[in-house]
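Student: This is the structure I have questions about; it appears just below.
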Amino acid sequence: MGLLKRIGWVMVMAALSATAQKPAASGPGFEAATIKPSAAGQSGRSLGWEGRRFAAHDTTMSQMLQFAYNVQAKQIVGEPSWFDTETFDIEGVAEAGEPSAAEWRERMQRLLADRLGMRYHREPRVMPAYALTVAKGGPKLETARDVEGMAKGVRIQRGPHLWMRVVGVYGTMPQLAAELQRVEMDRPVVDQTGVKGEFNFDMTATSTKPFFAGEEPATDGSAPPELFTAIREQLGLKLEPVKTGVECIVLDQVERPSAN
């Protein structure tokens with residue numbers, strides 16, 4: 001599978017109906033899709049797509065919902081215990097065309113609703129979060145432009161020894177906040193930069209969140225600065241701890257997925 005494309009989300013705070021709901025059944029879906037438990041001992045967790053094909057391997061249902069609804073783990077409420085302990089493989093082929101990030105998200109919402117019998121409601125709650133703001137001296141962002149071999153959007157790449165790279169191609173600040181919260185941070189990230197528009201940016205850092213058990217930074221001096229320093233020095237932004245309202249997905253009904 002080629003370079004995994006990751007997506008961002010724009011957080012919306014509103015007092016929404018608490019009526020249980022499920023994604024609309026209309027709209028393009030999957031020509032074919034399978035969900036099955038991951039093989040014992042499987043490694044190489046991944047989630048992404050290429051062309052018409054979507055694949056997630058060794059992935060928990062909590063992570064799938066985070067992808068589908070663009071939320072951080074703490075924004076999923078009422079999930080059963082197996083949501084974070086059991087892993088699944090999902091493979092699907094889109095009915096037509098090459099879906100955008102938002103279109104893949106919509107397809108996954110419908111697939112999970114169908115296979116998990118999932119019903120939910122949205123509910124604003126106050127919780128610890130990080131505010132993404134502009135650092136002293138202003139943002140260090142490049143003019144948006146095409147980059148050969150790279151899709152538009154924001155994505156985080158991970159390597160050995162907690163190495164991470166944050167890449168934006170026509171990326172927005174809400175997308176950056178969303179990708180940080182989904183992949184890296186232990187709480188939601190709220191965009192409070194006030195920076196509008198699309199930009200290119202490229203940052204390398206040492207992650208605060210081990211991707212593998214026992215993972216540690218490089219000891220030979222090659223490790224990049226830790227994330228909070230890197231984002232200030234390289235992007236002219238900063239992450240500050242705050243307590244604020246965020247929208248949560250509250251699960252009212254969910255079952256283990258059927259395989260077909």
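Student: If I take R0 = 51 Å and measure r between the Cβ atoms of E255 and K136 in this structure, what FRET efficiency does the formula 1/(1 + (r/R0)^6) give, to the nearest 0.05?
Tutor: On the way: r = 51 Å, r/R0 = 0.99.
E between E255 and K136, to the nearest 0.05, is 0.50.
Student: Okay, next question. Could you give the accessible area per residue of the chain, probe 1.4 Å, as a whole number in Å²?
Tutor: For the chain, the per-residue accessible area is 48 Å².
Student: Place a point 7 Å from Cα of F228 in the direction of its Cβ. Which residues in the range 132-156 have their backbone N less than 17 Å from it?
Tutor: 132-136
Student: Using all alpha carbons of the chain, what is the percent of pairwise distances in each 5 Å bin, ordered from the shortest bin to the longest?
Tutor: Reading the bins upward from 0: 1, 6, 12, 17, 18, 18, 14, 9, 4, 1, 0, 0.
Student: Right, next: Specify the inter-centroid distance of the range 46-76 and the range 141-156, based on alpha-carbon positions, in whole Å.
Tutor: Comparing the Cα centres of the range 46-76 and the range 141-156, I get a distance of 21 Å.
Student: Quick check: pseudo-label points 7 Å beyond the Cα along Cα→Cβ at V242 and V126, how many nm apart are they?
Tutor: 1.4 nm
Student: Something else now. Could you pull out the longest piece of the chain with no exposed loop trypsin sites (Lys or Arg not before Pro) in it, calling a site exposed if DSSP puts it outside H, G, I, E, B and it has at most 10 other Cβ atoms within 10 Å?
Tutor: Between the exposed loop sites, the longest stretch runs 1-135.
Student: Let me ask something additional. Out of every Cα-Cα pair in the range 65-138, what percent are more than 15 Å apart?
Tutor: Of all Cα-Cα distances in the range 65-138, 68 percent exceed 15 Å.
Student: Another question about this same structure. If you filter the range 203-241 for chymotrypsin sites (Phe, Trp or Tyr not before Pro), then keep DSSP loop positions with at most 14 other Cβ within 10 Å, what is left?
Tutor: F212
Student: Placing +1 on the Cβ of each Lys and Arg and -1 on the Cβ of each Asp and Glu in the chain, which of M164, A68, G194 has its Cα farthest towards the positive end of the resulting dipole?
Tutor: Of the candidates, G194 comes out farthest on the positive side.
Student: If you take the alpha carbon radius of gyration of the range 132-218 and divide it by 2.2 N^0.38 Å, what ratio comes out, to two decimals?
Tutor: Compactness ratio reported: 1.13.
Student: A follow-up question, please. Enumerate the amide H contacts of G29 below 5 Å, restricted to partners 5 or more residues apart or on another chain; note that Pro and chain-start residues carry no placed amide H.
Tutor: Residues meeting the criterion, in which the H sits 1.01 Å from N, are E95.
Student: If exposed means no more than 15 neighbouring beta carbons inside 10 Å and the site is in a DSSP loop, what's the longest run of the chain without any exposed GluC sites (Glu not before Pro)? Show your work: numbers first, answer last.
Tutor: Values: sites that count: E86, E95, E148, E215, E255.
Within the chain, the longest run free of exposed GluC sites (Glu not before Pro) spans 1-85.
Student: How large a share of the accessible area of the range 102-210, in percent, is made up of carbon and sulfur atoms when the probe is 1.4 Å and the other protein chains stay in place?
Tutor: Working: 2160 of 4650 Å².
In the range 102-210, the share of accessible area belonging to carbon and sulfur is 47 percent.
Student: Mean separation of Cα pairs under 8 Å and 6+ residues apart, divided by the residue count of the range 186-260: what relative contact order is that in percent? Each step should come with its number before you reach the end.
Tutor: Values: 35 pairs, mean separation 20.3, N = 75.
Answer for the range 186-260 is 27 percent.
Student: Got the relative contact order for the chain handy, in percent, Cα pairs under 8 Å and 6 or more residues apart?
Tutor: With pairs under 8 Å counted, the relative contact order is 28 percent.
The values are calculated or read from the model by the stated rules, or taken from the named source; none is laboratory data. Everything quoted here is computed from the prediction, not taken from an experiment. A quick note on method: Cβ atoms are made from the backbone with ideal geometry, for glycine too, and the neighbour counts reach across all protein chains shown. Only protein heavy atoms, including side chains, enter the accessible area calculation; ligands, DNA and RNA are left aside. Shrake-Rupley method; radii C 1.70, N 1.55, O 1.52, S 1.80 Å.
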